[in-house]
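Have a look at the structure below, then the notes.
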Amino acid sequence: MYVTALRNTHALEKQAAQMIQRQIERYEHYPELTQALRLHRSETDQQVARLADLLHGHGEDRSLLKDVVTQTVGNVAALVHSVTGDEVLKNLYTDYSVETYEIAAYTSLIALAEEAGQARDVETLRQSLEEEERMAEAVFAQIVPVTKGYVAREARGEKADR
Ligand SMILES: [Fe+2]
């Protein structure tokens, strides 16, 4: 149960990293948001590595950590958003959902680790949980400025979508 949850979270984080990377590559006019995404991109890579280490500690072969195909909101939504005129706004909603999803996942994972008697893993998981909490706040803090920036660019007839 616990190891399965570790595996699922590992797959989730790999997808989240891809989603974040795609946004970083596309954004041109939202430097603060892009900066927050860059920071969290490197945190997410570390989270993937932490989960791989924990899985390895539970006997999982690193090379067998295949990307489980999961239908998370992020990937699908980011693709759809790229063809709408308000890509950055829709991505913000998705990013906030993904971060709060991850907060729920790590909170549950910590409880599962405790129940499985794997207290040694908890500190590592808490580190990732704290990063998710900070990123959720950072994304939330961008919602108003990015929305207002979007409106201002639109009003000036400038490219606003990303
Ligand atoms: Fe995250």
Any hit, the stretch 32-53, residues being out of contact with any Leu (no Cβ under 8 Å at 6 or more places or on another chain), modelled with pLDDT under 95 and within 12 Å of the ligand (Cβ to nearest atom): no
Scan of the stretch 7-31 for residues that are closer than 17 Å to TYR101 by Cα, touching a residue at least 60 places away in the same chain (Cβ under 8 Å) and away from the ligand (no atom under 13 Å from the Cβ), ordered by number: ARG7, ASN8
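Right, VAL122: aliphatic (A, V, I, L, M), open to solvent by 60 Å² or more (accessible area, probe 1.4 Å) and at pLDDT 95 or above or not?
Numbers: aliphatic (A, V, I, L, M): yes; open to solvent by 60 Å² or more (accessible area, probe 1.4 Å): no; at pLDDT 95 or above: yes.
So VAL122 fails the test.
When you scan the stretch 105-117, do you find a residue that is assigned to a helix (DSSP H, G or I) and at pLDDT below 95, even just one? Give the derivation first.
First, the residues of the stretch 105-117 that are assigned to a helix (DSSP H, G or I): 105-115.
With the extra rule that they be at pLDDT below 95, the set shrinks to none.
Within the stretch 105-117 (the criterion being assigned to a helix (DSSP H, G or I) and at pLDDT below 95), the answer is no, since none of the residues qualifies.
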Failed item, numbered, when LYS90 is tested on (1) at pLDDT below 95; (2) of a type in the set (Lys, Arg); (3) open to solvent by less than 70 Å² (accessible area, probe 1.4 Å); (4) farther than 30 Å from GLU158 by Cβ: (4)
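Which residue out of GLU130, GLU158 is exposed (fewer than 14 other Cβ atoms within 10 Å of the Cβ) and within 15 Å of the ligand (Cβ to nearest atom)? Even if it seems obvious, please write down each step before you answer.
Numbers: GLU158 fails: within 15 Å of the ligand (Cβ to nearest atom).
Within the list GLU130, GLU158, the selection yields GLU130.
The values are calculated or read from the model by the stated rules, or taken from the named source; none is laboratory data. Keep in mind that what you see is a predicted model, and the values were worked out from it rather than measured. Using ideal geometry, Cβ is built from the backbone for each residue, glycine included, and neighbour counts are taken over all protein chains shown. For the accessible areas, the whole protein counts, side chains as well, though only heavy atoms, and no ligand, DNA or RNA atoms are used. Shrake-Rupley method; radii C 1.70, N 1.55, O 1.52, S 1.80 Å.
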